[in-house]
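Written below as structure tokens is the structure these notes are about.
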Amino acid sequence: MSSFSVTFRSPDDEVCVLDLKGELDAHTASELEAAFQKCLDDQRPRIVVHGGDLQYISSAGLGVFMAYIEEVRDQGGDIKIAALQPRVYNVFDLLGFPVLFDITSTEDEAVHRFDADGA
Amino acid sequence: MPAPTPTVTIPSATRYLARVRRFVDKQATAAGLSERAVDEVRLAVDEACANAIEHAYGGRENGTVEVTTEQAPGLFTVIIRHTGVPFDPGAYHPPDINRAIHERRKGGFGVALMHRLVDTVEYRHHGTTSEVCLVKRLNGNDGESASA
């Protein structure tokens, strides 16, 4: 059984940090989907996905980012992806995510980019 | 005597994908693939199995997906077999990621990923059984322990 969890954190009133842990695949992708949907429902579209403990991602997981990014940006926010392990970053890179998504080395960098770009 | 062909068989449900990944991880590592090559084969097999479960069986959980690994000099092969609806590679068009984002689509990238992760992707049919054959070439530092 795939082990995956999403935990919500709010370092400030503006940004919602999602800590991903475990393996994000076709079975667990719906949990990330629910987390993004909750951010939208709560009208908190400034989202940082912290991937430091994300061990694995398949196209089903990447698909959730693709399905939500436009709606999040429409609400004036963004999904910034931080602290990915190299093996997980490689998968994002294979599909060209670094061109389309803001991917940073650290959570702090991602949070500060919201201040910098006003998104 | 022919080498044994390790096999794992799972029900057609996504909750069993992790079991396939562990199996491929173990076999590919034992075959001497580099860490990166193991990651790539494991992901390609995961995509093929997820496609079989979600598309070939259409979410029906009473089917099975069989995953077999084979080794030959310089090659690591994984064959994924199912008896669901065969995939027609001729009808597949790799999706454009910008368009997918615009259309808020979350699927369709598994096949494109598979082709980037392994050297050969081949589709075969034997009666009611469909096979996806994924071949990864061992190169560079890969295969050192296999030849030891």
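The values are calculated or read from the model by the stated rules, or taken from the named source; none is laboratory data. Keep in mind it's a predicted model, so treat the numbers as computed, not measured. Neighbour counts run over all protein chains shown; Cβ positions are idealised from the backbone, glycine included. Note: accessible area is taken over every heavy atom of the protein model, side chains too, but ligands, DNA and RNA are not part of it. Shrake-Rupley method; radii C 1.70, N 1.55, O 1.52, S 1.80 Å.
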Condition check for residue A:78: at pLDDT below 95 and either farther than 30 Å from residue B:11 by Cβ or surrounded by fewer than 21 Cβ atoms within 10 Å (Cβ to Cβ) (or both): no
Leading residue by the ranking (farthest from the other protein chains (Cβ to nearest Cβ)) among those in region B:94-123 that are under 19 Å from the mean Cα position of the chain (by Cα), closer than 26 Å to residue A:71 by Cα and open to solvent by 30 Å² or more (accessible area, probe 1.4 Å): B:94
Region A:1-34, subset facing another protein chain (nearest Cβ under 10 Å) and in a loop (DSSP other than H, G, I, E, B), residue most open to solvent (accessible area, probe 1.4 Å): A:1
Unmet criterion (only one of (1) touching a Pro at 6+ places or on another chain (Cβ under 8 Å); (2) buried (at least 22 other Cβ atoms within 10 Å of the Cβ); (3) under 30 Å from residue A:79 (Cβ atoms)) for residue B:45: (1)
Residues within region B:2-29 that are open to solvent by 10 Å² or more (accessible area, probe 1.4 Å), assigned to a helix (DSSP H, G or I) and either in contact (Cβ under 8 Å) with a residue 40 or more places away in the chain or within 12 Å of another protein chain (Cβ to nearest Cβ) (or both), tallied: 8
Within region A:53-69, considering residues that are at the interface with chain B (Cβ under 7 Å from one of its Cβ atoms), open to solvent by 10 Å² or more (accessible area, probe 1.4 Å) and more than 13 Å from the chain's Cα centre (by Cα), the one farthest from residue A:30 (Cα to Cα): A:59
Unmet criterion (only one of (1) loosely packed, with under 15 Cβ neighbours inside 10 Å; (2) among the acidic types (Asp, Glu); (3) in contact with a helix residue (DSSP H, G or I) (Cβ under 9 Å, 6 or more places away or on another chain); (4) closer than 28 Å to residue A:97 by Cα) for residue B:61: (4)
Candidates B:82, B:126, filtered to the one that is crowded, with 17+ Cβ neighbours inside 10 Å and farther than 23 Å from residue A:88 by Cα: B:82
Options A:97, A:36, A:4; residue that is out of contact with any Pro (no Cβ under 7 Å at 6 or more places or on another chain) and at pLDDT below 95: A:97
Residue check, residue B:30 among the hydrophobic types (A, V, I, L, M, F, W, C), within 16 Å of the chain's Cα centre (by Cα) and at pLDDT 95 or above: no
